[in-house]
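The values are calculated or read from the model by the stated rules, or taken from the named source; none is laboratory data. Model, not experiment: these values are computed from the prediction. Here the Cβ positions follow ideal geometry from the backbone for every residue, glycine too, while neighbour counts run over all protein chains shown.
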Amino acid sequence: MGNRTPAYMEAARSGELARRARWANSQLQDCTLCPWQCHVNRSAGKVGQCRSGAQARVYAFMAHHGEENPLRGSKGSGTIFFAGCNMHCQFCQNADISQDNRGILVDDQQLAQMMLDLQAQGCHNINLVSPTHVLPQILSALVPAAREGLTLPLVYNTGGYDSLESLQILDGIVDIYLPDMKYTDAAIAQKYSGIPDYPRLNQSAVKEMHRQVGDLQLDEKGLAVRGLLVRHLLLPDDLAGTRELMQFLAAEISTNTYVNIMDQYKPDYHARDFPELFRLVTRAEVRRAKDWAREAGLTRLE
């Protein structure tokens, strides 16, 4: 495939990136950036479901060697972990970050410098973890980062509860979308994450992501340069609706969709309050999930 210029570079040169950053920041005064539509004035310090205000809060940033093969390569994915989340998963493995909101507040220039530092370390991309609620801050930081020499692909690593309006603001800016697809059943989504409309909105969001960037494209070294990469965490007793999800991806996205079927579930956070969640997934469940993916016609599995 060869190397590819990151999408945001042209938007930065033309001034479009700065324009979109200004628009996104204006939304903080009456926040509707995600499907919760909280309508709080985050600019004045009010918080909604994500418990985040006017500034982004960063838990950590580092070269991450545990991501998918096309992201981590040999030098790691340049990962920025944002505190807070617009989801409330009862089994969250990073609840200290997502629910307890641990981290330091950063301004736009500090966030831009983190991106540049990760590039200087040799990372292959900038991997924004839980970015949905800090979209304005990310765009604002990307303006000086691009001006000061950032040239790495941008990875939008989201829990998948994203609005179409916010995703459309990212069209031509994000290179690689990395959404979770957690559930296919609305009642299950309500029970374990408090979001009954997750399956419908998640699937609409993934369709929009794929419309923007297409199937995952790799360079000559096998590194991701553009496209969609889907994550799906297996839950015990197929509570996540894996078979239906694989059928959706094959039929409505692409049989060439790159899917990471994740087997690392463990009963963290409040999972002990749900007996059906209080165990690991079995090897047989993992094999069955991958069989379902192949039966649906998907071939790019990790």
Original post:
Does L164 fit the bill of being over 13 Å from the mean Cα position of the chain (by Cα), farther than 30 Å from K191 by Cβ and surrounded by fewer than 23 Cβ atoms within 10 Å (Cβ to Cβ)?
Top reply: no
Original post:
Of the residues L223, L234, L277, which is farther than 30 Å from G76 by Cβ and not acidic (D, E)?
Top reply: L277
Original post:
Here is a list of conditions, (1) more than 15 Å from the chain's Cα centre (by Cα); (2) outside any strand (DSSP E or B); (3) farther than 16 Å from T132 by Cα, and Q49 meets all of them except one; can you say which number that is?
Top reply: (3)
**OP:** Please identify the pairs in which a residue from region 253-282 that is surrounded by 16 or more Cβ atoms within 10 Å (Cβ to Cβ) has its Cβ atom under 6 Å from the Cβ atom of a residue that is among the small types (G, A, S) and at pLDDT 95 or above, counting only partners at least 6 apart or on another chain.
**Re:** I261/A289
**OP:** Report, by residue number, each residue of region 1-46 that is among the aliphatic types (A, V, I, L, M), under 14 Å from V134 (Cα atoms) and in a helix (DSSP H, G or I).
**Re:** A21, A24, L28
**OP:** Report yes if K221 is in contact (Cβ under 8 Å) with a residue 24 or more places away in the chain, surrounded by fewer than 16 Cβ atoms within 10 Å (Cβ to Cβ), over 23 Å from Y198 (Cβ atoms) and out of contact with any helix residue (DSSP H, G or I) (no Cβ under 6 Å at 6 or more places or on another chain), otherwise no.
**Re:** yes
Subject >> Those residues of region 97-142 which are without any contact (Cβ under 8 Å) to a residue 24 or more places away in the chain and closer than 23 Å to D162 by Cβ, in sequence order >> reply: D100
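For D268, state whether it is under 19 Å from the mean Cα position of the chain (by Cα) and of a type in the set (D, E, K, R).
Numbers: under 19 Å from the mean Cα position of the chain (by Cα): no; of a type in the set (D, E, K, R): yes.
For D268, the condition - under 19 Å from the mean Cα position of the chain (by Cα) and of a type in the set (D, E, K, R) - is not met.
Based on this model, can you work out whether R288 counts as modelled with pLDDT of 95 or more and either in a helix (DSSP H, G or I) or under 27 Å from V213 (Cα atoms) (or both)?
Yes; evaluated as a whole, the condition is true for this residue.
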Subject >> Of all residues making up region 59-82, the number that are within 15 Å of the chain's Cα centre (by Cα), of a type in the set (A, V, I, L, M, F, W, C) and under 16 Å from V106 (Cα atoms) >> reply: 3
Original post:
Counting just the residues of region 176-207 that are charged (D, E, K, R) and within 20 Å of R300 (Cα to Cα), which one comes out surrounded by the fewest Cβ atoms within 10 Å (Cβ to Cβ)?
Top reply: K207
Subject >> A44, sole failed condition from (1) over 30 Å from L239 (Cβ atoms); (2) in contact with a strand residue (DSSP E or B) (Cβ under 8 Å, 6 or more places away or on another chain) >> reply: (2)
